[in-house]
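The values are calculated or read from the model by the stated rules, or taken from the named source; none is laboratory data. Keep in mind it's a predicted model, so treat the numbers as computed, not measured. Ideal geometry is used to build each Cβ from the backbone, glycine not excepted, and the neighbour counts take in all protein chains shown. Ligands, DNA and RNA are stripped out before the accessible areas are found, and what is left, the full protein with its side chains, is counted by its heavy atoms. Shrake-Rupley method; radii C 1.70, N 1.55, O 1.52, S 1.80 Å.
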Amino acid sequence: MRTPTLDLAAWKQTIDCVRADGGNTALLWMGGAFPSKKFPITWKYNAGHLNVQKNFAGKLIDYAHGQRIKVILGFTPFAYDGVNQYPIEHPELKATQRNGQPANFWGMHSWGYNLCPAREESQRFMLEYAREMIFDFYPNADGVLIESSDYAICYCANCREKYYESEFRFVRAFSDELWKAKPAAIIVVFPHYFSGQKVPGFDVAAAKLPFDPRWTLVFTPHSAHLDSALLKQASNSIAWDDAPTLGTPDKIRRAAQRAKQAGINGFIPSLEAFTFIPRPGEGGVTQTKSTPLKPFGFEWLPDGAMPFNELLVRVNRIAYREFSRNPDLNDGNFKSILARELLHHTDTVDDLLFLQDSWFLDRTWYLASPITRPTTLTPEQREKYRPRLDRIRDIEQRWRNHEPELNGVAKFITDKWDAFGQP
């Protein structure tokens, strides 16, 4: 939903990457990214999205099936992309903040308001929107992930401590409908409806409702902590982590180790590439932009290019592949695999990992590391990054004639600093 510039060909290339990495499941967030006929307000903000314009996701799902990859469609009930647009037309459905005020105008790309799930109209909207997505538009999908919001809930008199009971009404009703139509459908849900534990960030307890073992549970380090007792009731489970998008191979390894130690049998961390036009100030983008974000900050990519074969992302893809297979793979063996697959010279691997670490250091969902943007730094911040820059300059010079991809990334960074006028 936040990658509006990729066409069907680019998405097929993405599925090829999933298959090349040994993946068997792709998770596509479709909220706000399909041309709903019943609720056009849900995609109006995203009208330039190529799937909104051409509706090719069904063909993409068929292509994935041809690669033996299942496709799960993701959305967030009563919040986030697409869904949070509905209160723009129906402000009476806005959720209530803890201070008693209506929900704030907020978002990532899709700016809007979260809904109150205790309202019957909110429930009706959510059911019809989800039905349209899975039954009318993409009946060939293998299931859904229903992501409980991690940024806001409703504290109105009818929700408060019972918020997750209200949200669960939709989850239960939609699950029953989907399983009736497709008994083998994968339905991934959060533990907030069953665990009774405090939900991180909201100071309210999760619900304690009956768990249907057909649900697949998903756990995240920031908003849905592991529940060992609940996990034992589920036939399948998923561990999520932001490591491939924001981190390094070592962070990916630690996430895989946590999943293995917990007995979780699915590892689907995020590899998200934002290519929308941000609002001024959104995600640290201070200047007014009229062009799409470059995924991972790769400014050399043409608009619409699939970014997942770029050198620094391939490092994390290989880390995901190898640590999924063996979370305890040691550094030496991992480096040997990287060198064999990505480099011409085996003694370059430490420089590659240093460059990857530098690009992802302090990065955000929107932007690469501040080291790639010296004009935005204070003098103190520039001094902080200078020792790292010195080594990047050495990498650029040392591998200029031997490792073109490595040299190209290093040169991109040093050219930025040279253009800024810093020695």
Given the structure, is GLY297 touching a residue at least 24 places away in the same chain (Cβ under 8 Å), open to solvent by 10 Å² or more (accessible area, probe 1.4 Å), closer than 17 Å to TRP111 by Cα and not β-branched (Val, Ile, Thr)? no
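Could you tell me whether GLU272 is free of Cβ contacts under 8 Å to residues at least 24 places away in the same chain, open to solvent by 20 Å² or more (accessible area, probe 1.4 Å) and closer than 26 Å to ILE15 by Cβ?
Numbers: free of Cβ contacts under 8 Å to residues at least 24 places away in the same chain: no; open to solvent by 20 Å² or more (accessible area, probe 1.4 Å): yes; closer than 26 Å to ILE15 by Cβ: yes.
Taking the combined requirement at face value, the residue does not satisfy it.
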From the residues in segment 397-423 that are without any contact (Cβ under 8 Å) to a residue 24 or more places away in the chain and assigned to a loop (DSSP other than H, G, I, E, B), which one is least open to solvent (accessible area, probe 1.4 Å)? GLY421
Please give the number of the condition THR375 fails out of (1) more than 21 Å from ARG253 (Cα to Cα); (2) assigned to a loop (DSSP other than H, G, I, E, B); (3) in contact (Cβ under 8 Å) with a residue 40 or more places away in the chain; (4) of a type in the set (S, T, N, Q). (2)
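Would you check if there is a residue in segment 266-276 being of a type in the set (Gly, Ala, Ser), over 23 Å from HIS192 (Cβ atoms), out of contact with any strand residue (DSSP E or B) (no Cβ under 6 Å at 6 or more places or on another chain) and at pLDDT below 90? Show your work before the answer.
Initially, segment 266-276 is screened for residues of a type in the set (Gly, Ala, Ser), giving 266, 270, 273.
Subsequent filtering for residues that are over 23 Å from HIS192 (Cβ atoms) retains 273.
Filter once more, so that each one left must be out of contact with any strand residue (DSSP E or B) (no Cβ under 6 Å at 6 or more places or on another chain): 273.
Applying the additional criterion that residues be at pLDDT below 90 yields none.
No - not one qualifying residue is present in segment 266-276.
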Per the filter on segment 258-267, residues open to solvent by 30 Å² or more (accessible area, probe 1.4 Å) and closer than 18 Å to ARG317 by Cβ are PHE267
Filter segment 307-321 for residues that are open to solvent by 20 Å² or more (accessible area, probe 1.4 Å) and either touching a Gly at 6+ places or on another chain (Cβ under 7 Å) or not aromatic (Phe, Trp, Tyr) (or both) and give the result. ASN309, GLU310, ARG314, ARG317, ARG321
